[in-house]
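Chemist: I have a structure I would like to understand better, so I am pasting it below and will then ask my questions one at a time.
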Amino acid sequence: MSPKLIGDLLLEQKLVQPEDIEKALTLQDSVGGRLGSLLVRLGAISEDVLLPVISCQLAYPVLTSQQIPDPLKIYSDMQNSEVNFEWFLSTGVVMWSEVDESVVCIGRDVIDMQVTEVLSYHFANLDINFHLATNAQLDRLLDFLEKEHAVDNLISDDGDIRHLKELAEEAPVIELVNNVMAQAVDADASDIHVEPLEKNFVVRLRIDGVLQERMSQPIERYAAVASRIKLISGLDIAERRLPQDGRNSTRISGQDMDIRVSSAPGVHGESIVLRLLPKDREDLSIDNLGMETDHLALMKEWMTLSNGIVLVTGPTGSGKSTTLYSALVASNDGLQKIITVEDPVEMQVPGITQIQAHAEIGYTFARALRAILRQDPDVIMIGEIRDFETAEIAIQSALTGHLVFSTIHTNDAVSCFTRLIDMGVEPYLVASPIKGVQAQRLVRRVCSACHELTTISAAVEKEIQDLPKTLLGNNWVKTVGCEKCSGTGFKGRTGIYELVPVTETMQDMITSGASVNEMKTLADSQGYRDLYQDGLLKASQGVTTVEEVLRVAKGDY
């Protein structure tokens with residue numbers, strides 16, 4: 001008994017109207033094609049509703065996204081098959097092998113006689129399992145396979161290193177690099193790492209502070225990809241023995257981005273890292289940083305000071321620049337002159353004068369600071385205090401009536417004082433102008449779609465006893481992992497902070513050369529809490545997990 005026609009099945013289930021079938025049949029007479037596809041084209045039915053009906057009609061299962069393997073695995077299987085690759089692309093057929101030596105096949109028209117005959121001939125000794133897939137799934141796979149095939153052809157046709165520039169300007173290489181950058185922007189990645197290995201190179205994205213591998217390619221393609229990245233970043237393509245730095249501004253996935261590029265020579269070739277910096281940051285608000293109410297009030301108090309220094313510390317990638325920019329945006333009331341000196345300028349903020357330092361031509365932080373003091377600023381932001389000269393000018397600026405924001409590299413807030421003293425600044429000059437120091441880290445937020453409630457250990461229960469009861473929650477969670485968060489259990493990040501105001505007693509301790517531990521003891525008596533304790537507050541509110549807080553902060557104490 002032959003299966004029922006798709007039109008009859010759709011009418012039986014009242015999924016379409018008879019007039020829809022008539023319109024589709026009329027269109028079929030003029031342009032051809034399958035009735036189901038024509039009904040979708042006419043808007044009479046959605047593909048999601050149609051596919052289960054076709055699945056019942058043909059007894060072909062519908063594929064989910066999780067059942068589709070890595071596209072590179074599919075590409076390899078199709079390349080290694082006896083079927084001409086161009087035939088796959090022209091007929092819209094995709095296939096791959098399974099561990100049981102069967103073959104899975106999806107396509108535009110899996111019941112087309114030519115398709116079934118060709119596959120049956122070339123895979124005569126294997127079971128061919130036809131499946132159904134959405135057009136979106138099929139389009140993504142075919143687009144990827146076509147680009148891979150084009151890059152392969154390009155590399156094999158022109159692999160001579162002397163033609164690297166021409167290679168970097170070929171459409172398949174451009175599309176590959178653009179696709180990687182678009183994926184990174186869509187995934188909210190902060191960095192793209194392109195790393196050559198012995199036999200291949202991998203592309204990893206740093207998402208929410210953690211690297212995730214997204215692509216692996218044959219090492220033969222690396223020269224073309226690296227050359228393309230270097231070309232658009234203003235780097236020297238021929239130079240592969242020395243580190244280089246460059247930058248590029250472009251529009252990716254609908255966003256204007258500044259891209260900072262760094263290349264460094266390695267054993268198997270240059271490691272390239274692209275830092276993605278959105279030009280427009282709508283979230284630059286001091287209220288969006290994830291500070292608890294007491295910390296937020298203290299930070300806002302520091303922002304209204306008429307003079308002094310406020311320091312933010314933490315490792316690279318801990319959100320220091322975002323905190324400072326947010327503070328500047330909040331301070332920018334149109335009544336003050338705000339000037340920044342940065343290397344590089346990471347975000348452009350309207351209404352603020354931002355100056356790019358260029359150490360390679362002698363325009364250092366210190367030299368730029370001397371110049372901007374003649375610009376009559378009210379608020380100054382220094383990208384980083386790296387040396388004695390910059391620290392000295394920052395202190396002089398604060399002592400002469402300017403409010404100075406800056407960053408410095410230490411493990412915790414209190415260590416800022418000893419770090420400046422180690423640079424050569426006199427203790428009394430450290431104690432006098434500094435009004436507050438803040439340390440911070442970024443922890444991943446749990447995915448809102450898949451987390452679950454959990455309990456805490458007795459050790460954690462003990463550690464939260466001294467935390468402010470007004471801020472402590474009882475919503476401890478653990479991660480699960482779903483499609484929305486790519487199985488990680490986390491989506492987005494927030495900050496954990498420690499803030500230390502410089503009181504008169506603290507000034508006396510700095511001047512007398514007290515140890516970091518002694519200054520921490522004083523800060524504790526004034527209600528200070530460290531990064532780990534602030535992280536536990538976030539975990540108790542269901543924002544993150546205890547394990548994530550331990551990963552980020554516990555090693556510092």
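Chemist: Of the residues ALA539, ALA514, only one is open to solvent by less than 50 Å² (accessible area, probe 1.4 Å) and in contact with a Phe, Trp or Tyr (Cβ under 8 Å, 6 or more places away or on another chain); which?
Modeler: One residue alone meets the criteria, ALA539.
Chemist: Need the failing condition index for VAL500 against (1) open to solvent by 40 Å² or more (accessible area, probe 1.4 Å); (2) outside any helix (DSSP H, G or I); (3) not aromatic (Phe, Trp, Tyr), just the number.
Modeler: Looking at each condition in turn, VAL500 falls short on (1).
Chemist: Conditions first: (1) crowded, with 19+ Cβ neighbours inside 10 Å; (2) in contact (Cβ under 8 Å) with a residue 40 or more places away in the chain. LEU72 passes all but one, so which condition is the exception?
Modeler: The number of the failed condition is (1).
Chemist: Would you mind finding the one in GLU301, GLU360, GLU292 that is modelled with pLDDT of 85 or more, within 33 Å of the chain's Cα centre (by Cα) and surrounded by fewer than 18 Cβ atoms within 10 Å (Cβ to Cβ)?
Modeler: GLU301
Chemist: Can you find even one residue in region 452-472 that is touching a Lys or Arg at 6+ places or on another chain (Cβ under 6 Å), farther than 22 Å from LEU298 by Cα, charged (D, E, K, R) and at pLDDT 90 or above?
Modeler: Looking through region 452-472, at least one residue is touching a Lys or Arg at 6+ places or on another chain (Cβ under 6 Å), farther than 22 Å from LEU298 by Cα, charged (D, E, K, R) and at pLDDT 90 or above.
To keep it simple, each residue is scored yes or no on (1) at pLDDT below 85; (2) under 30 Å from ASN178 (Cβ atoms); (3) crowded, with 17+ Cβ neighbours inside 10 Å.
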position: VAL93; (1), (2), (3): no, yes, yes
position: GLU101; (1), (2), (3): yes, no, no
position: GLY107; (1), (2), (3): no, yes, yes
position: GLU117; (1), (2), (3): no, no, no
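Table: residues versus (1) assigned to a strand (DSSP E or B); (2) of a type in the set (Phe, Trp, Tyr); (3) modelled with pLDDT of 90 or more; (4) buried (at least 17 other Cβ atoms within 10 Å of the Cβ).
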residue	(1), (2), (3), (4)
LEU205	yes, no, yes, yes
ALA238	no, no, no, no
ARG251	yes, no, no, no
MET257	yes, no, no, yes
VAL261	yes, no, yes, yes
LEU274	yes, no, yes, yes
LEU277	yes, no, no, yes
GLU282	no, no, no, no
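Chemist: Could I ask something else about it? May I ask you to list the residues in region 38-89 that are over 31 Å from the mean Cα position of the chain (by Cα), of a type in the set (S, T, N, Q) and in a loop (DSSP other than H, G, I, E, B)?
Modeler: SER46, SER81, ASN84
Chemist: Hey, another quick one. Within region 441-494, track down each residue that is among the basic types (Lys, Arg) and not in a loop (DSSP other than H, G, I, E, B).
Modeler: Answer for region 441-494, where residues must be among the basic types (Lys, Arg) and not in a loop (DSSP other than H, G, I, E, B): ARG441, ARG444, ARG445, LYS462, LYS478, LYS491, ARG493.
Chemist: Looking at region 207-236, which of its residues are in contact (Cβ under 8 Å) with a residue 12 or more places away in the chain, part of a strand (DSSP E or B) and not hydrophobic (A, V, I, L, M, F, W, C)?
Modeler: GLN212, ARG214, SER216, GLN217, PRO218
The values are calculated or read from the model by the stated rules, or taken from the named source; none is laboratory data. Just so it is clear, the model here is predicted, and its values are computed rather than measured. With ideal geometry, Cβ positions are generated from the backbone for all residues, glycine too; neighbour counts draw on all protein chains shown. Areas reflect the complete protein model, heavy atoms only, side chains present, ligands, DNA and RNA absent. Shrake-Rupley method; radii C 1.70, N 1.55, O 1.52, S 1.80 Å.
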